[in-house]
Structure formats: C-alpha cells, structure tokens
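The values are calculated or read from the model by the stated rules, or taken from the named source; none is laboratory data. Note that the coordinates shown come from a computational prediction; the quantities given were computed from them, not determined experimentally. We place every Cβ from the backbone using ideal geometry, glycine too, and count neighbours over all the protein chains shown. Note: accessible area is taken over every heavy atom of the protein model, side chains too, but ligands, DNA and RNA are not part of it. Shrake-Rupley method; radii C 1.70, N 1.55, O 1.52, S 1.80 Å.
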Amino acid sequence: MRQTVKPVEGVSVDFVDGLCGIVGPEHVLTEAAAMAGYLTDWTRQFSGDAIAVVRPSATEQVSRIVRLCGSAGVRIVPQGGNTGLAGGGIPSPDVPSIILSLKRMNAIRHFDEAGRTVVADAGVVLEALQTYVEARDLLFPLTFGAKGSCSIGGNLATNAGGSNVVRYGNTRELCLGVEAVLPDGSVFNGLTGLRKDNTGYDLKDLLIGSEGTLGIITAAVFKLFSKPLTRVTAFLSMASVEAAIRTLNRIQDRTGQSVEAFEYIPQPVLSAVEKSFPDLKSPLEGPVETGVLLEVGSSRVSDARTDDAGSTYLATELLAVLEELMEAGDIVDAAIATSEQQRLVLWRMRESVLEAIMEYGASYHFDISLPLANISWFLQEMDAMAAELGFETLTIGHLGDGNLHYALVCADQDRWLTLPLDQAKTKAFELLTRLNGSFSAEHGIGQSKLDVMRMLKEPAQLDAMRAIKRALDPEGIMNPGRLVPGVE
C-alpha cells in the first residue's frame, strides 16, 4: 500500500494524489524500499532522493505528469533502464523531484517493411528491439554490453555509441524522428520516418543527447538495415596502435567499408579478464601488446558464397588481406573464429571487460575520443604520466571510431587513496585538449562531468546551450543540474 509522503516545502499535499489519478496508485511508488532500485545508479557512485517514482504507460500520461509537476514546482528526472555511467538519471538529494520511469512504455508501435523502419516506445529494451527486428530478417545495429537492460529512451537521451559505430554510427545516426513531451507538457510528434524533411530547426537532433534536460523522449522511429548473410570475426595481435589503424583502413578498402567492429583490447586488459573469468582465455599464444577484436559483415549474396573448401568469399578476401599485413609486419598473429560459438566467446571476452576492471580494484574511468592519428600519441604520453604518478592503466576502446575507455587503476584500495588523482585528471584533460580530443565520447555528461564541461567546453558553446535550455525549459523542471553547468 502507498505510504504517506513526507511534506516537501512548496509541494501541494494533493500532488501525489494527482499523480495517482494519472497513472493509478500502483504505479506511484513512495515507499523507500520500492524506490531504492531507482535512486542509485549502476556504478553505485550516485544516489539521490525523490518524492515518488512515477511509471506512466502512455505519452498522454507523461504529458499530464509534466503539467502537474510544472504547476507544483516539482522537478522531473527521466529514467530508462538505469544503466548510465554518469549519474544523469539520478535526482539530487536536495531538489524536490520525481523520477519518471519509462519502463512501462515498452510497446513496439509499428513496423514499416517498405521503408525499413520501426517505431518503438522509449521503454523498449534494446535487446528486445533487436530480437523483434531480427525476426523480420532485418538488423537494428546499435549494440553494447548493457543491451539486455538499457532502454531505447536512455540510448537516445545519451546518444549512445557501442561496438559498431565504425559502420552504423551513434544512436543519432540511426534515428529518423522522435516523439517527445516538452517542458510545458505539449507533445512533439516527429514519427513520420521521413529521410528528407528540411522544414526548420531539427528538434530531433536537439533532444537526442540532451539527457532529459529539454524534454522527455517517449518514442522514436529508427532505420533498419539488411541482416548480414555472412560475418568473419577474428582476434588480431598488432605490432602497434599505428599498425592497427593501417590495418583498419586496408580492410575497409578491400571489403567495401564492411568493418562492423574494431575493438582495442591490449594485454593488461586480457589478463584482467582472464583473472576475473577463468573460463575466458586469449585465443593467441603469448602476450598481445596491441590486441584487436575485428568483425566484418556483408549482406551481399556473392560474399556469402562458399568455395570447395567451405570458405566464404568474404572470409577468403579477409584472410588474403591479413596475410599481406602479416608479411608487412603490421599483424603479429591472428585467430579467426571458425564457428558461431567461437565468435560468441570472443565477444563475451570483450563484453566482460568493464566488470573485470571494476573487480581489479579502485579505478577512475575516462570516456574519451580522439582523431585516429592521435590515439597512439595520447596512449604513449598518458601511460608514461600515469606510471610516473603511481597509477596502473587498463585501456580498451572502440578503436574504429576513435573512442577510448581509459582507466586509471590500483589493486590496493588503501594505496589508491594516496595517489594524486586530481593531478592525473588535469594532465589527461590537458593532453586531450592539445590532441583535439573530447572528454566525453559516449557515456554522456550527467552529473559526473559538469566540472569538466565548465572547464573545457568553449564559453560560446556553453552560452548557447544555456540559452537553449532557458528558452525551452524556463522553469528549469527538466532534469536540473545535469549536462549544462550553470543552469539549475
């Protein structure tokens, strides 16, 4: 049974009853135990408090909730699967807020076979959308480790990336339109699925990546793609990062831009995974200085044809490229998956990395991107600086699109407290700025990077962002204190 909510200054005593009238009492959570799972993020670094967790099932309900919150002066924190890594979906403990959970909005509304698009509610879990589309012999390519629990709305709010951005792009590139509830409660309907519509400012692109600060995305229409008829997956030991990037470009040239994933997994990370998951072993003998998980896919019938030995044309072509690069010295060794089971083991190794790093010890994670030509430079300088300051490093990344997840780590928790983390962060951001990189590649800003935004974002860019926020959300009710520093 719903308990009485503690009085909050400035909030009407009828407020929670109003919420119940919109979504039903069973979908307004106010008891501490019922709300607990919504008030702390996946990393356990961010926790907050809320008047209630409200779970609407339709856009019309979201609109009424937003209007009610606006009239009561209550802030709204939208939340999807709560798998974020920057604290963007967790309310502040001192701001009267509700969490608006979109989990019940989980319908797939429409499939357009001719246009190869799909319309999905914001609460649809990514893996469920993938499965739905695959059953129709098509592909929705967005993918990463949290696909079984993250939601489409959260993917859009953070412009999520993942493992195959190198071929298909971030969530923004996959989205043709959104439906959203704006801060005044009005509903913006942009679900036409048109690929060409030059009729003014693109509100879709403004809302994607806005982390719920400009409105609440309630549904979206996505592009779909031909399902690959054949894939080749391999784990490569490269001579260097520079050699890996040369290899990427050579394979792209020879396969018609068919590289779907090009993931950086060096030896220290392999060792951490093997320690945390004893059943996972490197497929190569000996140390792998620069490891790369490569996947190439093709929907062309000609690439899927097999020769007398049972090898597809795509596999034969890729093997020829790899042999050339081995002769040139760029590739040291290679293991090619010969079955779907072997492919899945390689991907499990990659998707177990974050958990392995978290188990290694204390850590601080950078989510950065760089021009491909500057990645090796960054790694060399940053690794040297980190070692000088007493840190170990565990680095992985979506090398194909220039995104690195660079972690400063220390197995000794007590020693970690003595290390100069602030100094290391300052040096990292100075180096990143010098090399034309970004301090946030795919995890978003949330509350974890507000200080970095304030420090490194161009003043003109921040001023423009603040102006947009104030114009669309003059009362500041949408996810306050997130993404845009200096606007509450």
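Assorted remarks:
- Every condition in (1) of a type in the set (Val, Ile, Thr); (2) open to solvent by 20 Å² or more (accessible area, probe 1.4 Å); (3) in contact with a Lys or Arg (Cβ under 8 Å, 6 or more places away or on another chain) holds for ILE265 except the one numbered (2).
- If the condition is being open to solvent by 60 Å² or more (accessible area, probe 1.4 Å) and either farther than 13 Å from ILE368 by Cα or not hydroxyl-bearing (Ser, Thr, Tyr) (or both), then the range 418-442 contributes THR418, ASP422, GLN423, THR426, LYS427, GLU430, ARG434, ASN436.
- Test: residue in the range 434-449 that is part of a helix (DSSP H, G or I) and within 17 Å of GLY209 (Cα to Cα): no
- Candidate set from the range 380-417 (those that are in contact (Cβ under 8 Å) with a residue 60 or more places away in the chain and of a type in the set (Ser, Thr, Tyr)); member that is surrounded by the most Cβ atoms within 10 Å (Cβ to Cβ): THR395
- Test: residue in the range 212-229 that is surrounded by fewer than 22 Cβ atoms within 10 Å (Cβ to Cβ), β-branched (Val, Ile, Thr) and more than 22 Å from SER376 (Cβ to Cβ): no
- Within the range 247-269, the set of residues being out of contact with any helix residue (DSSP H, G or I) (no Cβ under 8 Å at 6 or more places or on another chain) and not in a loop (DSSP other than H, G, I, E, B) comprises ASN249, GLN252, ASP253, GLN267, PRO268.
- Any hit, the range 186-196, residues being open to solvent by 10 Å² or more (accessible area, probe 1.4 Å) and within 16 Å of the chain's Cα centre (by Cα): no
- No other residue among VAL321, VAL296, VAL292 is within 14 Å of THR247 (Cβ to Cβ) and in a helix (DSSP H, G or I) apart from VAL321.
- Qualifying residue in the range 333-342 (condition: without any contact (Cβ under 8 Å) to a residue 40 or more places away in the chain and more than 32 Å from the chain's Cα centre (by Cα)): no
- The combined condition, being hydrophobic (A, V, I, L, M, F, W, C) and within 19 Å of the chain's Cα centre (by Cα), is not fulfilled by ALA315.
- Test: residue in the range 127-138 that is of a type outside the set (A, V, I, L, M), assigned to a loop (DSSP other than H, G, I, E, B), modelled with pLDDT of 95 or more and surrounded by fewer than 22 Cβ atoms within 10 Å (Cβ to Cβ): yes
- THR83 vs. criteria at negative phi and under 20 Å from the mean Cα position of the chain (by Cα): yes
- Some residue of the range 398-410 being in a helix (DSSP H, G or I), over 30 Å from ASN249 (Cβ atoms) and within 25 Å of the chain's Cα centre (by Cα): no
Yes/no per residue for (1) of a type outside the set (D, E, K, R); (2) over 17 Å from PRO56 (Cα atoms):
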site	(1), (2)
SER97	yes, no
MET105	yes, no
ASP137	no, yes
GLY148	yes, yes
GLY190	yes, yes
THR199	yes, yes
ILE208	yes, yes
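- The lone criterion from (1) surrounded by 15 or more Cβ atoms within 10 Å (Cβ to Cβ); (2) farther than 23 Å from ALA107 by Cβ left unmet by PRO56 is number (2).
- When the range 419-433 is filtered for residues that are free of Cβ contacts under 8 Å to residues at least 12 places away in the same chain and either more than 21 Å from LEU85 (Cβ to Cβ) or in a loop (DSSP other than H, G, I, E, B) (or both), the ones remaining, listed by number, are THR426, GLU430.
- Screening LYS147 with (1) open to solvent by 10 Å² or more (accessible area, probe 1.4 Å); (2) more than 13 Å from the chain's Cα centre (by Cα) gives one miss only, at (2).
- For the range 285-295, the tally of residues that are of a type outside the set (Asp, Glu), more than 17 Å from LEU379 (Cα to Cα) and crowded, with 17+ Cβ neighbours inside 10 Å stands at 2.
- Verdict on ARG109 being at positive phi and in contact with a strand residue (DSSP E or B) (Cβ under 7 Å, 6 or more places away or on another chain): no
- Filter result (without any contact (Cβ under 8 Å) to a residue 24 or more places away in the chain and of a type in the set (Asp, Glu)) within the range 193-214: ASP197, ASP202
To keep it simple, each residue is scored yes or no on (1) at pLDDT 95 or above; (2) farther than 18 Å from THR213 by Cα; (3) of a type in the set (D, E, K, R); (4) in contact with a strand residue (DSSP E or B) (Cβ under 6 Å, 6 or more places away or on another chain).
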{"position": "ALA50", "(1), (2), (3), (4)": "yes, no, no, yes"}
{"position": "ARG55", "(1), (2), (3), (4)": "yes, yes, yes, yes"}
{"position": "ALA58", "(1), (2), (3), (4)": "yes, yes, no, no"}
{"position": "GLN79", "(1), (2), (3), (4)": "yes, no, no, yes"}
{"position": "MET105", "(1), (2), (3), (4)": "yes, yes, no, yes"}
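- Checking each residue in the range 59-89 for being β-branched (Val, Ile, Thr) and either open to solvent by 30 Å² or more (accessible area, probe 1.4 Å) or in a helix (DSSP H, G or I) (or both) picks out THR59, VAL62, ILE65, VAL66, THR83.
- Leading residue by the ranking (farthest from GLU355 (Cα to Cα)) among those in the range 271-284 that are in contact (Cβ under 8 Å) with a residue 24 or more places away in the chain and surrounded by 15 or more Cβ atoms within 10 Å (Cβ to Cβ): LEU284
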